[in-house]
There are 2 protein chains.
Amino acid sequence: MKRIESKKNPQVKQWKKLQTKKERDKTGLFLIEGVHLVEEALKYKGNISEVLFTESFQMPHHWNLDEVEVYIVAEEVLNEIGDTETPQGVAAICRKPSIDLERTTNSVLLIDAVQDPGNLGTLIRTADAAGVDQIVIGEGTVDIYNSKVLRASQGSIFHIPISKGNLYERILQLRDSGHTIFGTSLDQAEPFQNIKHTGPFSLIVGNEGRGVQQELLSLTHQNLYIPIHGKAESLNVTVAAGILLYYLRG
Amino acid sequence: MKRIESKKNPQVKQWKKLQTKKERDKTGLFLIEGVHLVEEALKYKGNISEVLFTESFQMPHHWNLDEVEVYIVAEEVLNEIGDTETPQGVAAICRKPSIDLERTTNSVLLIDAVQDPGNLGTLIRTADAAGVDQIVIGEGTVDIYNSKVLRASQGSIFHIPISKGNLYERILQLRDSGHTIFGTSLDQAEPFQNIKHTGPFSLIVGNEGRGVQQELLSLTHQNLYIPIHGKAESLNVTVAAGILLYYLRG
């Protein structure tokens with residue numbers, strides 16, 4: 001157990017850098033804050049390299065910190081490295097998980113250029129709830145280790161394998177492995193309720209403004225839309241994903 | 001057409017006060033910002049009392065400003081009264097709509113103590129898309145004329161009658177009028193897919209942390225839950241509402 005009292009400590013400066021994607025990419029590390037996220041991360045071995053908490057933090061009895069390095073830090077240290085408005089006296093440095101892309105999947109969510117961090121986090125949480133067993137993030141999507149994404153994911157980031165990749169190639173692989181590929185689109189699409197599906201599937205959801213790229217829609221077996229019954233122009237991407245993922249899994 | 005160049009103008013101070021719920025309640029007015037919201041408000045007569053835009057704002061040709069008062073204002077005026085990070089050169093002062101509660105409804109969404117403004121706005125947008133024809137907001141829910149709620153609603157605030165009220169009494173009225181009342185809960189609830197429903201219905205969704213109040217759940221005909229297939233603890237309230245509203249309307 002180590003102690004850090006000053007926010008000028010070099011280690012603190014190092015941790016603070018994890019607020020940037022550049023540093024997260026370079027080190028393979030990211031920062032999580034708050035009781036719930038740290039609890040979720042601790043459930044799975046190897047996620048956490050360092051846990052930091054303040055002297056006054058009431059650690060839950062069931063937390064097992066055997067394999068992590070523990071720091072007792074001043075409150076100003078947590079304030080310095082994090083970005084939550086109401087810090088809960090605990091944070092952790094996590095290792096980005098490595099993903100086994102070879103394993104068989106029954107359902108995959110492909111995310112094309114979603115830009116709002118809250119939306120990305122909620123998509124991950126929704127996919128987790130709906131039993132999706134892999135998420136693939138395409139280019140132009142906000143970094144999954146951004147603190148707002150982590151917060152909105154409510155820990156689901158630790159429950160489900162998430163990889164970044166070229167969506168075009170990944171869709172071709174999923175087609176080869178027997179997945180039915182569903183896109184979301186208003187053109188040449190069917191109302192989702194018309195589709196009766198069984199078996200492995202992948203769903204592509206897209207950018208908040210322009211939807212899924214045309215290039216990817218050309219690879220799908222079927223494009224779906226959710227009928228709008230009132231006067232709204234569209235649904236939020238996380239709500240749309242929730243409706244479709246629950247419908248498709250049956 | 002009037003001009004206001006200085007943010008110290010008394011009218012500007014008056015508008016700025018609309019950032020507080022107290023002032024909105026007192027005056028029956030609220031402020032909207034950005035092209036999309038103003039466009040939606042203009043579609044329905046009587047919503048807008050004043051439109052404000054900057055000299056450089058490119059007004060869409062189809063906007064009809066016959067019945068509204070128009071102000072050309074300095075950019076600093078818009079920055080002063082609003083709270084968007086990237087103002088689009090346009091804002092408007094709107095009148096809160098009056099609601100006719102006597103009309104017949106086929107589907108009603110009742111919102112019990114939802115506290116995140118983004119969630120409330122997205123709930124309104126989702127209910128609009130799903131064809132809900134009335135929303136009732138119970139005590140403890142964030143103010144619907146809060147700027148973050150308005151933004152997340154994407155204009156749906158102007159599409160669907162929304163009233164505040166005592167949910168307990170409102171549910172009794174809806175029962176009397178022949179609605180089937182569905183609650184959302186994990187106790188004494190059925191997986192939603194087990195329910196086959198036709199006819200008028202009301203759905204109650206609740207607070208992000210503690211769900212729907214027990215007192216209200218005791219008035220329902222049937223409580224529903226959405227099965228969690230992965231390791232997430234729950235779904236976001238807007239996603240849950242989307243899944244259930246689309247399912248129940250059939």
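The values are calculated or read from the model by the stated rules, or taken from the named source; none is laboratory data. Since we're looking at a predicted model, the values are computed, not measured. Please note: Cβ atoms are built from the backbone with ideal geometry, for glycine as well, and neighbour counts cover all protein chains shown. Protein only, heavy atoms only, side chains kept; ligands, DNA and RNA dropped before computing areas. Shrake-Rupley method; radii C 1.70, N 1.55, O 1.52, S 1.80 Å.
Placing a label point 7 Å from the Cα of B:P60 along the Cα-to-Cβ direction, the distances to the matching points in the other copies come to 4.8 nm, shortest first. Axis angle, to the nearest 10 degrees, between helix A:167-176 and the longest C-alpha principal axis of chain A: 60 degrees. Each Lys or Arg adds one and each Asp or Glu takes one away; over the other residues whose Cβ falls under 11 Å from the Cβ of B:L217, this sums to -3. Give the shape of chain A as rounded, prolate or oblate, defined through the alpha-carbon gyration tensor: a ≥ b ≥ c are the square roots of its eigenvalues, a/c under 1.5 means rounded, and otherwise the shape is prolate if a/b is larger than b/c and oblate if not. It is prolate, given that a/c is not under 1.5 and a/b is the larger ratio. Given their separation in residues at 0.36 nm each and the Cα-Cα distance between them, A:Q214 and A:K26 gain 64.4 nm when the chain is fully extended.
For segment B:55-139, which trypsin sites (Lys or Arg not before Pro) are both in a DSSP coil and crowded by at most 16 other Cβ atoms within 10 Å? Sparse-neighbourhood loop trypsin sites (Lys or Arg not before Pro): B:R103. Relative to the other identical copies, B:G250 shows label-point distances of 2.2 nm, where the label point lies 7 Å from Cα along the Cβ direction and values run shortest first. For the chain pair B and A, the interface hides roughly 2400 square angstrom of accessible area in total, found with a 1.4 Å probe. Extending 7 Å from Cα along the Cβ direction at B:K43 and again at B:K2 yields two label points whose distance is 3.0 nm.
For B:I99 and B:I228, the FRET efficiency from 1/(1 + (r/R0)^6), where r spans their Cβ atoms and R0 equals 30 Å, is about 0.25. A straight chain from B:M59 to B:T86 at 0.36 nm per residue would run longer than the Cα-Cα distance by 8.0 nm.
Our summary of shape: the Cα atoms of segment A:2-95 have principal axis extents of 33, 27, 25 Å, ordered from largest down, in whole angstrom.
Can you give the Kirkwood hydrodynamic radius for segment B:107-249, in Å, rounded to one decimal and based on Cα pairs?
One decimal place: 14.9 Å for the Kirkwood radius.
With an 8 Å Cα cut-off and a minimum separation of 6 or more residues, compute the relative contact order for segment B:129-221 in percent. Relative contact order of segment B:129-221: 28 percent. The Rg/Rh ratio for the protein assembly as shown is 0.98, where Rg is the radius of gyration of the alpha carbons and Rh is the Kirkwood radius.
Which entries of A:K148/B:K43; B:K17/B:K164; A:K8/B:K17; B:K16/B:K43; A:K43/B:K21; B:K13/B:K164 have Cα-Cα distances beyond 31 Å here? Write out the running numbers ahead of the final one.
On the way: A:K148/B:K43 35 Å; B:K17/B:K164 22 Å; A:K8/B:K17 41 Å; B:K16/B:K43 25 Å; A:K43/B:K21 42 Å; B:K13/B:K164 28 Å.
Where the Cα-Cα span goes over 31 Å, the pairs concerned are A:K148/B:K43; A:K8/B:K17; A:K43/B:K21.
The helix-based estimate of mean residue ellipticity at 222 nm for chain B, built from -39,500 (n - 2.57) per DSSP H run of four or more residues and divided by its residue count, is -8500 deg cm²/dmol to the nearest 500. Segment B:159-216 has equivalent-ellipsoid semi-axes of 19, 17, 12 Å, by the square roots of 5 times the alpha carbon gyration tensor eigenvalues, sorted largest first.
Report the full-extension gain for the segment A:Q14 to A:E69: residue separation times 0.36 nm, less the Cα-Cα distance, to one decimal in nm.
Numbers: separation 55, 0.36 × 55 = 19.80 nm, distance 1.57 nm.
Result: 18.2 nm gained on full extension.
State the answer as a single residue: which of B:T20, A:G183, A:A130 lies farthest towards the positive end of the charge dipole of the protein assembly as shown, with beta carbon charges of +1 for Lys and Arg and -1 for Asp and Glu, about the Cα centre. It is B:T20.
Pair-distance distribution of segment A:47-132: all C-alpha pairs, bin width 5 Å, starting at 0; shares per bin in whole percent are 3, 10, 15, 16, 16, 16, 13, 8, 3, 0.
Taking the Cβ of B:E5 as the centre, find all other residues whose Cβ is under 14 Å away and add up their charges (Lys, Arg: +1; Asp, Glu: -1).
Details: positive: B:K2, B:R3, B:K7, B:K8; negative: B:E55, B:E75, B:E76, B:E80.
Local net charge: 0.
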